[in-house]
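Data block below; observations after.
The values are calculated or read from the model by the stated rules, or taken from the named source; none is laboratory data. Fair warning: this is a prediction, and the values are worked out from it, not measured in the lab. Heads up, the Cβs are rebuilt from the backbone with ideal geometry, glycines too, and the neighbour counts pull from every protein chain shown.
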Amino acid sequence: MSRYITSDPKIMSGVPVIVGTRIPVSRIVFLLSEGHTLDSIHKLYPHVDKSALKETIDELITNIDSKQYEAYNMKFTLN
């Protein structure tokens, strides 16, 4: 179960957001890709703890790594 990222069809049409907010996780990733730091993102979204921003990114990385592992295993299972 995700602690920092949620997806609910009733919130932002199911786009993954930071729990308790309407901030899309993709927005945080975009800001990081544009050179923003967690400090500068926190200034844009002061109602989100900086630690929650960091944990959101960590959870996203874990989820991506997990999906890659699942896809890798599926590839060999199907062959």
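Within the stretch 6-49, the only residue that satisfies the criterion of being of a type in the set (D, E, K, R) and surrounded by 15 or more Cβ atoms within 10 Å (Cβ to Cβ) is Arg27. Pairing residues of the stretch 54-65 that are without any contact (Cβ under 8 Å) to a residue 24 or more places away in the chain with residues that are surrounded by 14 or more Cβ atoms within 10 Å (Cβ to Cβ) and in a helix (DSSP H, G or I), at Cβ distances under 7 Å and at least 6 apart in sequence or on separate chains, gives Lys54/Leu38.
Number of residues in the stretch 50-66 that are surrounded by 14 or more Cβ atoms within 10 Å (Cβ to Cβ) and either among the small types (Gly, Ala, Ser) or touching a Cys at 6+ places or on another chain (Cβ under 8 Å) (or both): the value is 1. In summary, Lys43 fulfils each of the numbered conditions (1) under 14 Å from the mean Cα position of the chain (by Cα); (2) modelled with pLDDT of 95 or more with the single exception of condition (1).
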